């Protein structure tokens, strides 16, 4: 029997994950992205340096909190 605990979901970093914008990200606020997590998909609050439209593919570049991320359009140019 292993004494190691299962990794906490909040500790798994989404940095580098590629997902889709489900709620447009405005210039001065948060939107929402759907990211692959543990074989499924989960919604995260998302911020970006510039507005990003709904249905745009994005990549996570920074984890802000357990359920918030900073994203850029993917592929990033």
Q) Between residue 41 and residue 64, how many nm apart are label points set 7 Å from Cα along the C-beta direction? A) 2.1
(Q) Just to be sure I understand the model, the point goes 7 Å from the Cα along the line to the Cβ. What's the resulting residue 27 to residue 72 distance in nm? (A) 2.1
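We did not get these values from a lab; they are worked out from the coordinates using the rules stated. What you are looking at is a predicted structure, and each value in this text was computed from that prediction instead of being measured. For neighbour counting, all protein chains shown are included, and Cβ atoms are generated from backbone atoms with ideal geometry for every residue, glycine included.
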